[in-house]
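The values are calculated or read from the model by the stated rules, or taken from the named source; none is laboratory data. This one's a predicted model, so the numbers in the text were calculated from it and none came from an experiment. All Cβ positions, glycine included, derive from the backbone under ideal geometry; neighbour counts span all protein chains shown. Keep in mind that these areas ignore ligands, DNA and RNA; they rest on the heavy atoms of the full protein, side chains included. Shrake-Rupley method; radii C 1.70, N 1.55, O 1.52, S 1.80 Å.
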Amino acid sequence: MKILKSLAMATAVSTLALSAQADTKIGMITTLSGGGAGLGVDVRDGFMLAIEAAGRDDVEVVIEDDQRKPESAVQIADRMIQSEKVDIMTGIIWSNLAMAVVPAATAQDVFYLSPNAGPSALAGKRCHKNYFNVAWQNDNLHEAAGAYANDAGLTNSFVLAPNYPAGKDALTGYKRMYGGELAGEIYTKLGQTDYAAEIAQIRASGADSVYFFLPGGMGISFLKQYADSGVDLPVVGPAFSFDQGILQAVGAAALGIKNTSQWNKDIDNAANAAFVADFQAKYGRLPSLYASQGFDTANLILSALDKADVKDQDAFRAALEAAEFDSVRGDFKFGNNHHPVQNIYVREVIQEGDVFTNKIIATGLSDHADAYASECNM
């Protein structure tokens, strides 16, 4: 029998199944209410799809809502570690929450596997033997976008992102690969929904393109307002602003936009085809990037548990490092800092029937590692 439990918080997550005891307990803290909830829901749903498919009776998952508040995430993490006695933690979407939770968790000998947030600090000097990122380091998709902008002949980009760790990593990554000039650079408020002032600056800037990282509802608001503004400059972005959960809300305004991702539903391998079909059958929607990351994170954990007891930390860590699981991305490997070395693709927003989605049109970066691995002393 599957062993799954959820604890109520701001919005309750239903109890899926219960058992008296589990050999391995996983604590998932993610955003399930308020702004950005769609991202956390997708990570949770992808993760639980893999756990349920495995049908194991030795794993328990405890899920709680951080409400995108660092103080809530810290309190939940402390309770999970000290009272719930979790062995593994996962789930955080936002980098400011990850910076508040991950170092404290790993300092208490708990494994943390990130299905999303990949702040540069945790990839470099503050890397830890018990911290793994299964998605990417924050800069990576933006680096691929900068490389694409060069290939597309864009030479004067206006760039903007929210003022928090992932936003700063985003623009750092874009500028690392982008060879042109900047017509402007703005850090917006996290959670902002009105972009009239920023669009006015773009209009007056003389830019030949716009690059933005605005995940979740921020991206929806910006794209709709940008489309209505009459500004007609090419837009480039990372997948976070053009992913499956966002595109339906944005609609035709996103058609043709190029964006970068390490995953898409048309990656041609058996694991990905099964994941896309199973996710759609269970949840009634196409999976997003976030769902794919949750699914891979769960399968990595399960593959390591097949080889080692989580209580034997050295053996379990080695099993995680080996990453012997069927990733939806195809081949999967970690660098020395426990971040993926992987292909990052260029996608284009298209329409399939009534559904807006993406297709891969090129490989932006091949076997790409992050820029901070050399600073990690593991």
Search result, residues across the range 209-228 that are in contact with a Leu (Cβ under 6 Å, 6 or more places away or on another chain) and not in a helix (DSSP H, G or I): S209, V210, F212, G216
Criterion violated by S327 - all others in (1) open to solvent by 60 Å² or more (accessible area, probe 1.4 Å); (2) under 28 Å from D169 (Cβ atoms) satisfied: (1)
Verdict on G245 being open to solvent by 30 Å² or more (accessible area, probe 1.4 Å), closer than 30 Å to Y283 by Cβ and in contact with an Asp or Glu (Cβ under 7 Å, 6 or more places away or on another chain): yes
Subset of the range 300-312 that is assigned to a loop (DSSP other than H, G, I, E, B) and without any contact (Cβ under 8 Å) to a residue 24 or more places away in the chain - its residue that is surrounded by the most Cβ atoms within 10 Å (Cβ to Cβ): A308
Which numbered condition T297 fails, given (1) surrounded by 18 or more Cβ atoms within 10 Å (Cβ to Cβ); (2) farther than 22 Å from V61 by Cα: (2)
Residues located in the range 336-370, provided they are among the small types (G, A, S) and surrounded by fewer than 18 Cβ atoms within 10 Å (Cβ to Cβ): G353, A362, S366
Helices (runs of 4 or more DSSP H) wholly inside the range 111-194 containing at least 1 residues that are charged (D, E, K, R): 140-151, 165-177
Filter result for the condition that a residue is outside any strand (DSSP E or B), surrounded by fewer than 18 Cβ atoms within 10 Å (Cβ to Cβ) and touching a strand residue (DSSP E or B) at 6+ places or on another chain (Cβ under 7 Å), over D266, D232, D278: D266
Residue satisfying all of: in the range 83-105; assigned to a helix (DSSP H, G or I) and over 20 Å from the mean Cα position of the chain (by Cα); nearest to S72 (Cα to Cα) among these: A104
Qualifying residue in the range 313-320 (condition: of a type in the set (K, R) and assigned to a helix (DSSP H, G or I)): yes
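A quick yes/no check of all residues on (1) of a type in the set (A, V, I, L, M, F, W, C); (2) farther than 22 Å from M218 by Cα:
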| residue | (1), (2) |
| --- | --- |
| S241 | no, no |
| Q248 | no, no |
| G251 | no, no |
| T260 | no, no |
| N264 | no, no |
| D268 | no, yes |
| A273 | yes, yes |
| Q280 | no, yes |
Residue in the range 326-341 that is of a type outside the set (K, R), free of Cβ contacts under 8 Å to residues at least 24 places away in the same chain and over 22 Å from A249 (Cβ atoms) present: yes
The range 342-374: number of residues that are assigned to a loop (DSSP other than H, G, I, E, B), acidic (D, E) and either more than 30 Å from Q248 (Cα to Cα) or touching an Asp or Glu at 6+ places or on another chain (Cβ under 6 Å) (or both): 1
Positions within the range 61-78 being part of a strand (DSSP E or B) and open to solvent by 10 Å² or more (accessible area, probe 1.4 Å), in sequence order: none
Count - residues of the range 43-76 that are over 21 Å from P103 (Cα atoms), among the basic types (K, R) and out of contact with any Ser or Thr (no Cβ under 7 Å at 6 or more places or on another chain): 1
Only listed residue being of a type outside the set (V, I, T) and open to solvent by less than 50 Å² (accessible area, probe 1.4 Å), chosen from L182, L171: L171
Subset of the range 148-159 that is surrounded by fewer than 21 Cβ atoms within 10 Å (Cβ to Cβ) and not charged (D, E, K, R) - its residue that is farthest from E181 (Cα to Cα): A152
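Results for (1) modelled with pLDDT of 85 or more; (2) surrounded by 21 or more Cβ atoms within 10 Å (Cβ to Cβ), shown as yes or no for each residue.
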residue	(1), (2)
S14	no, no
Q21	no, no
T31	yes, yes
V43	yes, yes
I81	yes, no
T90	yes, yes
I93	yes, yes
Condition check for A291: touching a residue at least 40 places away in the same chain (Cβ under 8 Å), of a type in the set (G, A, S) and out of contact with any strand residue (DSSP E or B) (no Cβ under 8 Å at 6 or more places or on another chain): yes
Test: G153 is free of Cβ contacts under 8 Å to residues at least 12 places away in the same chain and over 22 Å from W263 (Cα atoms): yes
